[in-house]
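**Q** Quick one: this structure, given as structure tokens, is what I'll be asking you about.
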């Protein structure tokens, strides 16, 4: 059974974005990774093997925090696009050559041969065209009772920017971000158990419209199928800068503000259910006839 795809994400746009290698992990992603790493203190299971899903965008500094928390655990770095493993090796050289790695399990690049006990995926799900399919892949990489830790953007993200676009009758400013309760349902459908969802809102401030746009380009792309599909002119760009300037609060410090809703989730891979054979029904008369036949055979023997 195929999973329904998000209607406001263009698969071609999502694929193009997946092939864009960032020069550095976005600041917001690193901050979210730091906050999510702190939640691991509540997890009793200490994994011997864990998967870091796409750390180049999810957070190289966040990887260092995880390596310190699990210094004796083998880590498998997975960049889902072919050819990005080499970039991951170069970018994560400090973790690769650190003395702690010489004394403990090595850092691997590629999916684990054996199922892992933890999969870490920071700020990835909201930028893929088939999130349910991706969750199913994560489920396959985990062993029974292993756990998934993930984060992504929620529906209140960029609400100020979307209001600016709507007020000017421009096409959508972004695709729609999924609610945390829907993520919980998808986890259960994929075979995860005990999903725990949480969210918080983070407000980022920017000194100028130009700085705001640079930050947004680092964080992602507008994947909406109905986004404006051509190049904009200088007049429109000037109009946009003027509109974004209004994001500053009246009487405030002049900083432009944008809201980001961050969704956190974790869940365990449920052990396989015991399969029971088909039910067999026997009537009382059939049981009596069978017993009489058995007694008759015993008497004649």
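**Q** Give the residues of segment 189-212 whose amide nitrogen is closer than 12 Å to a point set 7 Å from the Cα of residue 270 in the direction of its Cβ.
**A** Inside the label zone: 189-195.
**Q** Looking at the chain, send over the antiparallel percent of its DSSP beta bridges, to the nearest 5.
**A** If we restrict to bridges inside the chain, about 55 percent are antiparallel.
**Q** For every helix of n ≥ 4 consecutive DSSP H residues, a contribution of -39,500 (n - 2.57) applies; sum these over the chain, divide by its total residues, and give [θ] at 222 nm rounded to the nearest 500 deg cm²/dmol.
**A** Details: 13 runs with 121 residues, N = 301.
That comes out to -11500 deg cm²/dmol.
**Q** Seen from all sides and averaged, what is the projected area of the convex hull of the Cα atoms in the chain, in nm²?
**A** Convex hull of Cα atoms, orientation-averaged projection: 25.7 nm².
**Q** On a 0 to 90 degree scale, rounded to 10, what angle separates helix 209-219 from the longest Cα axis of the chain?
**A** Between helix and principal axis, roughly 20 degrees.
**Q** Could you tell me the center-to-center distance, by alpha carbons, between segment 215-237 and segment 23-56 in angstrom?
**A** Each part reduced to its Cα centre gives a spacing of 29 Å.
**Q** Taking neighbour Cβ counts within 10 Å as the exposure measure, how do 196, 128 sort from fewest upward?
**A** Ascending number of Cβ neighbours within 10 Å: 196, 128.
**Q** Please state the relative contact order of segment 11-300 as a whole percent: Cα pairs under 8 Å, 6+ residues apart? Before the final figure, lay out each step's value.
**A** Numbers: 440 pairs, mean separation 55.5, N = 290.
19 percent.
**Q** A follow-up question, please. How many nm is it between the label spots at residue 200 and residue 237, if each spot is 7 Å from the Cα in line with the beta carbon?
**A** 3.7
**Q** A further question on this structure: Where does helix 234-245 land angle-wise versus the long Cα axis of the chain, in degrees 0 to 90, nearest 10?
**A** Roughly 80 degrees, rounded to the nearest 10.
**Q** Next question, about the same structure. Please rank 266, 224, 63, fewest neighbouring Cβ atoms within 10 Å first, as an exposure proxy. Display every interim value, and only then the final one.
**A** Details: 266 23, 224 18, 63 26.
Listed from fewest to most nearby Cβ atoms, that is 224, 266, 63.
**Q** If I fit a long axis through the Cα atoms of helix 180-189 and take the longest principal axis of the Cα atoms of the chain, what angle between them do I get, 0 to 90°, rounded to 10?
**A** Between the helix axis and the principal axis of the chain, the angle is about 30 degrees.
**Q** In nm², what is the average projected area of the convex hull enclosing the Cα atoms of segment 74-207? Please report the intermediate quantities before stating the final value.
**A** Numbers: hull surface 46.2 nm².
In nm², the orientation-averaged hull projection of segment 74-207 is 11.5.
**Q** For segment 173-264, rounded, prolate or oblate, judged on the Cα gyration tensor with a ≥ b ≥ c (square roots of eigenvalues), a/c < 1.5 rounded, else prolate if a/b > b/c?
**A** oblate
**Q** Cα centroids of segment 66-86 and segment 134-204: how far apart, whole angstrom?
**A** Each part's Cα centre sits 23 Å from the other's.
Quick note: the coordinates plus some simple rules give every number you see, no bench work behind them. Keep in mind it's a predicted model, so treat the numbers as computed, not measured. In this analysis, Cβ positions are derived from the backbone assuming ideal geometry, glycine residues included, and neighbour counts consider all displayed protein chains.
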